[in-house]
1. Can you name the residue in region 129-157 that is β-branched (Val, Ile, Thr) and in a helix (DSSP H, G or I) and, of all such residues, is nearest to Ala97 (Cα to Cα)?
2. For residues that are β-branched (Val, Ile, Thr) and either closer than 24 Å to Ser274 by Cβ or open to solvent by 20 Å² or more (accessible area, probe 1.4 Å) (or both), scanning just region 190-217, find the one that is modelled with the highest pLDDT.
3. Look at Tyr220 and say whether it is farther than 26 Å from Asn35 by Cα, of a type in the set (Phe, Trp, Tyr) and at pLDDT 90 or above.
4. Taking Ala97 and the conditions (1) in contact with a Phe, Trp or Tyr (Cβ under 7 Å, 6 or more places away or on another chain); (2) outside any helix (DSSP H, G or I), which numbered condition does it fall short on, given that it satisfies the others?
5. Residues in region 159-182: is at least one touching a residue at least 24 places away in the same chain (Cβ under 8 Å), surrounded by fewer than 16 Cβ atoms within 10 Å (Cβ to Cβ) and closer than 20 Å to Tyr113 by Cβ?
6. Which fully enclosed strands (runs of 3 or more DSSP E) of region 1-78 have 1 or more residues being open to solvent by 60 Å² or more (accessible area, probe 1.4 Å) and of a type in the set (D, E, K, R)?
7. In this structure, does Gly112 turn out to be modelled with pLDDT of 95 or more and surrounded by 15 or more Cβ atoms within 10 Å (Cβ to Cβ)?
8. Evaluate the following for Gly251: is it modelled with pLDDT under 95, assigned to a loop (DSSP other than H, G, I, E, B) and open to solvent by less than 30 Å² (accessible area, probe 1.4 Å)?
Amino acid sequence: MIYTEKKSRNVHYLNLPVGQKEVEYLLISDLHWDNPHCNRKLLKKHLDEAKEKNSKVFINGDLFCLMQGKGDPRRSKDDIRPEHNNAKYLDSIIKTAVEWFKPYAEIIEVIGYGNHETTIIKHQETDVLERFVERLNTEAKPKNEVYLSGYGGWICTKFTQESKNKKKPSRTHKIKFHHGYGGGGPVTKGTIQHQREAVKIANADLIWMAHVHEDYEMTYMQESLDYLGNITLKEILMLRTPSYKEEYQDGFGGFHIERGRPVKPLGGRWLKLSINKEGEKRVIKQYTRKTEN
């Protein structure tokens, strides 16, 4: 069983059982679960697959959409689900979401903020995501707590190997996540933001972003020099996960169409980590694949 430690408000370590050499996670973002355009059927398919595999799930912001509240200039009667069209709009979203996500509470490990959640804090003075996580933990009572993290943070996986000596060798894989910013761009699709993150972040094995509803994977290489004068080359995976909100539909009209925005991919990414021995060193390999739609 994986033991998770909350090192700080946005740093979480997943300690694998001694001897475990492989683990797979589901990385998703931008669910916009309360929006009528959220493809809940697809989301359920992916969460059910994760549950069947007992794979931990990480959500990198915008679990909720939350745009139909009183005084919100973005609100539209076409973009509210019937069960949320009442005098307790935000409360009804939290209540129904807890019921919907209860079956997955055991596998959801870390949830981060997105701009849709932070906007509600700013304008409505309530933290919907914090209330959702607290209620989910209280009502579902998962063996492993669902953790709330930040708009950005770290998710680390620690592999500990069996040894004849008392000291058990370990290696840690580090994910730096950030929900994202900017508009992505019709041509660059947000890759420039990954360039910027790579400049300011050190020691990450994977940099995961979301927000612009795009899907891509790039590999950067980094050269470093150790204290003995040895040159080492390190692979850094740059990952962007898309959304579960399908705004294009048939291209007839609406906010997305009027601004000339393209059809966006849906789904998330599976991340598989495995530890292998290469010579005298133990190396963690990382591999991702897109979820099947």
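1. Val133
2. Keep residues of region 190-217 that are β-branched (Val, Ile, Thr), which gives 191-192, 199, 201, 207, 212.
Still in the running and either closer than 24 Å to Ser274 by Cβ or open to solvent by 20 Å² or more (accessible area, probe 1.4 Å) (or both): 191-192, 199, 201, 207.
On the way: Thr191: 92, Ile192: 92, Val199: 91, Ile201: 95, Ile207: 98.
So the residue we want is Ile207.
3. yes
4. Unmet for Ala97, out of (1) in contact with a Phe, Trp or Tyr (Cβ under 7 Å, 6 or more places away or on another chain); (2) outside any helix (DSSP H, G or I): (2).
5. yes
6. 3-8, 22-28
7. So Gly112 passes the test.
8. Yes; evaluated as a whole, the condition is true for this residue.
The values are calculated or read from the model by the stated rules, or taken from the named source; none is laboratory data. The shown structure was predicted, so the numbers you read here are calculated from the model rather than taken from an experiment. Note: ideal-geometry Cβ built from the backbone for every residue, glycine included; neighbour counts use all protein chains shown. Accessible surface is based on the protein model in full, side chains and every heavy atom, while ligands, DNA and RNA are left aside. Shrake-Rupley method; radii C 1.70, N 1.55, O 1.52, S 1.80 Å.
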